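Just below is one structure, and these are the notes that go with it.
The values are calculated or read from the model by the stated rules, or taken from the named source; none is laboratory data. Computed from a predicted model, the values in this text were never measured in an experiment. All Cβ positions, glycine included, derive from the backbone under ideal geometry; neighbour counts span all protein chains shown. Only protein heavy atoms, including side chains, enter the accessible area calculation; ligands, DNA and RNA are left aside. Shrake-Rupley method; radii C 1.70, N 1.55, O 1.52, S 1.80 Å.
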Amino acid sequence: MNKYKIALIKGDGIGPEIVDEAVKVLDAVASCCDLHFDYEEALMGGCAYDITGDPLPQETITTSLNSDAVLFGAIGGEKWDNLPREKRPESGLLRFRKELGVYANLRPAVVYDELINASSLKPEIIKGVDIMVVRELIGGIYFGEPKGRTEDKGWNTMVYTRSEIVRIAHHAFKIAQKRDKRVCSIDKANVLDVSQLWRDVVTEVSAEYPDVELSHMYVDNAAMQLVLNPKQFDVMLTGNIFGDILSDEASMLCGSIGLLPSASIGDKIGVYEPIHGSAPDIAGQGIANPIATISSASMMLRYALGENEAADKIDNAIKKALSKGYRTQDLAQFDAKEVCSTSEIGSIIANYIAR
Ligand code: IPM
Ligand code: MG
């Protein structure tokens, strides 16, 4: 029996509800694949600030580094929006990513055939879309110095070093080798020096991957192409802020942001989380869609633990629940046979695994 230690960071808003469903599904897969998970909970975000005065207590970093992987819910909410920046939940998350060194953020956008009508785009445009956004996560304008704010001026700096670009580029090319072998690197090299460096370095790294086709695209055009003809993309490689924006856009190809998982990977422990936020407006009502988090647990099994069979079981169970017409509220208008609560859909997926 393979045993794993999983740090659970449930966070704020709908975080606890959706992580609970992912745990339910992990436990189902544990009993049928002969795995064992030990969970340790840790605090981050607004809930951590309320209890400790710090959105990222040191203990959370320690617990995470002592585990095999981190499963994360969501953080933030209006309640904490007026705190000084370093006390805000988002600052806790950014520091966490930095401390863990998770530089590669993988955000797959895959359109489920079952939900083809859920997207605002026409079915023929999105059928078969399978994109992997590879977003650099611990550099760029989110972390660049100098930054600051006076009464009349605010400034941030977009910085990338050669080594930061090299490591994320290798990551993207390696992923592409296991997919359709195409990388489109997204930048703003017509305006930004940092992007010109990005483009030059990505091109240099590509020489080591002759089997992968590299193209470059400006970010504004990429935003347009994503809705015009998304099937042209296989791997989209990009920096921190462009990746943040484009991955939200890509999620809409799939119908609901409540479906999309992510993996944040570095040299230490990986973090697995839905790409959506904490949705405080619907927290506690049992209507949140837990599929993005359940799917993140599947990515955790695949990327962090190498338990591919267990990951396949989760992915298949999600597809089966969707094909049978089980839907949470966000997708209720789209071919739903039954509208389920957060915990009902979690149980349905868990039961398909057990069978
Ligand atoms: C994301 C989120 C975060 C980000 C926020 C909450 C700091 O939007 O993970 O995409 O901008 O990276
Ligand atoms: Mg985002």
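For the reader, a short list of remarks on this structure follows.
- Selection within the range 121-156: residues that are assigned to a helix (DSSP H, G or I) and not hydrophobic (A, V, I, L, M, F, W, C). The member of this set that is nearest to P84 (Cα to Cα) is Y142.
- Filter result for S195 (more than 16 Å from ligand 2 (Cβ to nearest atom) and either at positive phi or crowded, with 21+ Cβ neighbours inside 10 Å (or both)): yes
- Residue in the range 114-123 that is within 16 Å of ligand 2 (Cβ to nearest atom) and touching a Pro at 6+ places or on another chain (Cβ under 9 Å) present: no
- Flag for A279 being of a type outside the set (K, R), more than 17 Å from Y112 (Cβ to Cβ) and within 16 Å of ligand 2 (Cβ to nearest atom): yes
- Checked against (1) within 28 Å of G77 (Cα to Cα); (2) in contact with a Lys or Arg (Cβ under 9 Å, 6 or more places away or on another chain), A297 passes all but condition (2).
- For G284, the test of being crowded, with 17+ Cβ neighbours inside 10 Å and either within 21 Å of A172 (Cα to Cα) or assigned by TED's automatic domain parsing to the domain that holds A30 (or both) is failed.
- Residue in the range 309-321 that is part of a helix (DSSP H, G or I), within 15 Å of ligand 1 (Cβ to nearest atom) and not assigned by TED's automatic domain parsing to the domain that holds K188 present: no
Yes or no, residue by residue, for (1) over 20 Å from the mean Cα position of the chain (by Cα); (2) without any contact (Cβ under 8 Å) to a residue 24 or more places away in the chain; (3) over 20 Å from E17 (Cβ atoms); (4) buried (at least 20 other Cβ atoms within 10 Å of the Cβ):
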position: C47; (1), (2), (3), (4): yes, no, no, yes
position: D50; (1), (2), (3), (4): yes, yes, no, no
position: S64; (1), (2), (3), (4): no, no, yes, yes
position: N82; (1), (2), (3), (4): yes, yes, yes, no
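- Test: residue in the range 330-337 that is without any contact (Cβ under 8 Å) to a residue 12 or more places away in the chain and among the basic types (K, R): no
- Restricting attention to the range 198-223, the residues being of a type in the set (A, V, I, L, M) and surrounded by fewer than 18 Cβ atoms within 10 Å (Cβ to Cβ) number 2.
- Of all residues in the range 1-17 being farther than 15 Å from S278 by Cα and free of Cβ contacts under 8 Å to residues at least 60 places away in the same chain, the one that is nearest to the chain's Cα centre (by Cα): K3
- Among residues of the range 227-255 that are under 17 Å from V129 (Cα atoms) and more than 12 Å from ligand 1 (Cβ to nearest atom), those with a beta-carbon under 6 Å from a residue that is assigned to a strand (DSSP E or B) and not aliphatic (A, V, I, L, M) at least six positions away or on a different chain give the pairs F233/C184; D234/R182; M236/C184; L237/S185.
- Some residue of the range 112-120 being open to solvent by less than 20 Å² (accessible area, probe 1.4 Å), of a type outside the set (S, T, Y), part of a helix (DSSP H, G or I) and modelled with pLDDT under 95: yes
- Boolean, M252 is modelled with pLDDT under 95 and surrounded by 15 or more Cβ atoms within 10 Å (Cβ to Cβ): yes
- Residue check, G258 within 15 Å of ligand 2 (Cβ to nearest atom), surrounded by fewer than 22 Cβ atoms within 10 Å (Cβ to Cβ) and either basic (K, R) or under 23 Å from G92 (Cα atoms) (or both): no
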